[in-house]
Amino acid sequence: MAAVFPRVSSAAIAALVGLGMAAAFAADLPPGTNDLEGFSSAAAATEAQLEQRFDADLSAAELRSWLEQMSSAPNHVGSPHDKANAEFELAKFKEYPTPKEVSVELVAPTHFKALLSEPPIEGDRTSTQTRDELPPYNVYGADGDVTAELVYVNQGMPDDYKELEREGISVKGKIALTRYGGGWRGLKPKLAYEHGAVGCLIYSDPRDDGYGVGDPYPKGGFRPPNAVQRGSVQDLTLYSGDPLTPGVGAVPGAKRLALKDAKTLLKIPVLPISYADAEPLLAALGGRVAPPSWRGGLPLTYHVGPGPAQVHMKVLSEWTQKPIYDVVAKIRGSEQPDQWIIRGNHHDGWVFGALDPLAGQIALMAEAKSIGKLVQQGWRPRRTLVYNSWDGEEPGLLGSTEWAEQHAAELKVKAVLYVNSDTNGRGFLQAEGSHAVQHFLSEVARDVKDPETGVSVLARAIAERRVSSLDSPRGESAAHAAAGDLQLGALGSGSDYTPFLQHLGISSINLGFEGEVQYGVYHSAYDSFDHFRRFVDPTFEYGVTLAKVAGRIMLRAAQADLIPAREGDFAASIAGYAEDLHKLADSMRTKTTELSKLLDDESYKLTSNPDTPRAAPARVADVPYLNFAALDNAVVKLEQSAKAFDKEYARLDASSDPSSKLARDRVNAALTVLEQSLMDAHGLPGREWYQHMIYAPGLHTGYGVKTLPGIREAIEERRWDEANQYMGVVSHALNAYSERMDRAIAAP
């Protein structure tokens, strides 16, 4: 498998490691407390003993040695160390577009040439290994050689361009300078292009993750002056994976688009720069002083421009196919081999990638090692376990998407649950996912101790949520959580769960620990082993803890008589999301009415400063009363069906009667494919690859989730006919979900 990926030099297309399902743990072997969901009392006791054996083989020292080895050289896609890491992991499992040229110069009113590199830092051993690393760049931006005036556009989000318009400032024919934050990086150059810009520069402001937050590296863990945040700018809001093979696996012989026809490739050149390189550019800008919320932490007055600063930027890439090295391993289930529990984490990084992604990867490897040992001792899972180490996540979820697209038909029949991790730090368990597994994940978290406090990771996560909720503004309603349960967040995008959940309709979880790390080196060469051991997880105990949490999810989902689920949690979450839509429409109606009044009585004109005149906002049409009836009725039906389903589930869970086996099999068969009821083959407006009607990355948020996205985004964008249309589409999906639950518990 190979995907288009622009980089310095070409590479031959290589076969994907484990393209078929490699039997990477062991050959098939003979099969050797009712507080666990889906387990009888006797089975629960057996499961607890199994987990104790699993824990016994986890070692923080081993995780440390793996991270040091795997982050010892640059491991971007196509690098020798990326392949070496894949081969190392495959051995462990068996044992158990880049640039040719980039430049940025200030050519007026003074001259300055950006460094565009990250110099060595004292005490960071790998920071001297610059020979094999790629220069800082944004993959999937266009090639270009442009010279133009500079305009500072803050975070480059839609509201920022509305503000510029009110101030009479245009980026047409200009180069946009934007800072990280406010939304996904790929939206910044996309929106700049849509507003007429010919190039885009993105920098990390020290207010956000540098000295404005804490001591820069190496004294502290935050971003030093020359650190650059690399990253993909592929338009992931349309589809993930290889830009040239949307919807199909990028295997030899696959039909590929021409580069000019790939919708997710950008049309203008874009580069990331450090705040050391951004400072002279910002200092050279004139024009209006930036609004207070636009000002960062650099010691200068932030101006917007345009000019007198003029910048010359050049990006020239080699657009070739590069091999991606997924490692895929399987333990065949002893009783339900065609029900798969899938685990994944990616192994490619932008440079050394200690926290992102190798901190999560070594936890996955530890799980695989411990489970492999259980298999060697004669244990076999009831359902099939599939472990995946993905390549190409950083450019655009390449390895996971291409594998999922290639095996889509099989996965839609067999995949029960996909469990993802990515980065992993220290502090509190953070989890997002399909809300029917919220209680299941809470039970797992209740049985794993937090290494710092000795309480369960569940208790610590709930305490953190309660404390932070006092100060956090409320946006979309959080998912419903029963007393004592985790509050599972909804999934947007940004990691390898995307193709499984939002394209194929496979129930998914994403998890990791965070909240206590000094981490301002995201996607830079300083995300290194030395940084990690000082400022992220010095004892490596949170790597072990992640392995315990994810390992229990895998073991319990594989072993339970009934696939873990509590549909009442899903129904309650949907009811909350539907209520949010009512509030959104009502709030927009109220604000629109007030805006009209302010325009009518010329309040904006009367409050405008003549020294810096600012136009009034554009008048918008009144907000109509939308027809929520179908959605509201579907939510009521969903709550009724979920209640009945959970009641029957509890009865079967408590029953030891052999005659209940057929009923359990029927429920399990339904749960395997239940999430797919929420899919619509036509997808979301303008992006048919995203077919999940409950969760999607926002068209103008990127990584950030939009729940009930077809309706929500239509309301936000004032497309009223489309909002009413998707009321019907979403209602149909929810009714299909309810009907599938009803059939699963109906008497044969």
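No lab work stands behind these numbers, since they all come straight from the coordinates. Values in this document were obtained by computation on a predicted structure and should not be read as measured data. So basically every Cβ, Gly included, is an ideal-geometry build from the backbone, and we count neighbours across all protein chains shown.
Some values worked out for this structure:
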quantity: Share of pairwise Cα separations in the stretch 522-660, more than 22 Å, in percent; calculated: 71
quantity: D (Stokes-Einstein, µm²/s), Kirkwood Cα radius, the chain, 0.890 mPa s at 25 °C; calculated: 91
quantity: Solvent-free Debye scattering, log10 I(q)/I(0), computed from the Cα coordinates of the stretch 655-694 at q = 0.29, 0.30, 0.34 Å⁻¹; calculated: -0.89, -0.92, -1.01
quantity: The stretch 661-748 - Rg (one decimal) and Dmax (whole number), Cα, Å; calculated: 15.4, 51
quantity: FRET efficiency, residue 579 to residue 61 (Cβ-Cβ, R0 45 Å, nearest 0.05); calculated: 0.35
quantity: Residue 101/residue 128 FRET efficiency (R0 30 Å; Cβ-Cβ; nearest 0.05); calculated: 0.80
quantity: Space enclosed by the convex hull of the alpha-carbon atoms of the stretch 125-183, per residue, Å³; calculated: 146
quantity: Top positive-direction residue, dipole computed over the chain with Cβ charges, set 42, 203, 659; calculated: 659
quantity: Percent of C-alpha pairs per 10 Å bin, the stretch 576-638, short to long; calculated: 18, 33, 23, 15, 8, 2
quantity: C-alpha center-to-center spacing [the stretch 105-124, the stretch 641-657] in angstrom; calculated: 64
quantity: Magnitude of the charge dipole, the stretch 85-226, Cβ model with Lys/Arg +1 and Asp/Glu -1, debye to 20; calculated: 100
quantity: The stretch 267-361 shape via C-alpha gyration tensor axes, a/c threshold 1.5; calculated: prolate
quantity: Orientation-averaged projected area, Cα convex hull of the stretch 184-297 (nm²); calculated: 9.8
quantity: The stretch 433-474 and the stretch 576-609: distance between their alpha carbon centers, rounded to Å; calculated: 37
quantity: Potential extension, residue 110-residue 466 segment - 0.36 nm per residue separation minus Cα distance; calculated: 122.9 nm
quantity: Packing-based ranking, highest mean first, of 534-545, 416-427 given that Cβ atoms within 10 Å are counted; calculated: 416-427, 534-545
quantity: Protection proxy ranking, peptides 158-171, 326-339, average beta carbon neighbours within 10 Å, highest first; calculated: 326-339, 158-171
quantity: Proximal charge balance of residue 598 [Cβ under 11 Å; K/R count +1, D/E count -1]; calculated: 0
quantity: Dipole magnitude of the chain about its Cα centre (Cβ charges: Lys, Arg +1; Asp, Glu -1), debye to nearest 20; calculated: 540
quantity: Ordering of 680-687, 463-470 by burial proxy (mean other Cβ atoms within 10 Å per residue, highest first); calculated: 680-687, 463-470
quantity: Fraction of alpha-carbon pairs over 18 Å apart in the stretch 336-406 - percent; calculated: 48
quantity: The stretch 426-571, Cα convex hull volume normalised per residue, Å³; calculated: 140
quantity: Distance (nanometres) between label positions extended 7 Å along Cα→Cβ at residue 724 and residue 608; calculated: 3.7
quantity: Label point 7 Å beyond Cα of residue 69 along Cβ direction - residues of the stretch 359-391 with amide nitrogen under 18 Å; calculated: 359-373, 389-390
quantity: Candidate lysines - alpha carbon under 29 Å from residue 414, same-chain residues fewer than 8 apart omitted; calculated: 92, 94, 255, 330, 369, 373, 548, 637, 643, 647, 661, 706
quantity: The stretch 358-415-the stretch 266-301 distance, computed between alpha-carbon centres (Å); calculated: 42
quantity: Estimated FRET transfer efficiency when R0 is 25 angstrom, pair residue 625-residue 293 (beta carbons, to 0.05); calculated: 0.15
quantity: Inter-site label distance for residue 616 and residue 261 at 7 Å from Cα along Cβ, in nm; calculated: 4.9
quantity: DSSP bridge pairs, the chain: antiparallel proportion in percent, nearest 5; calculated: 55
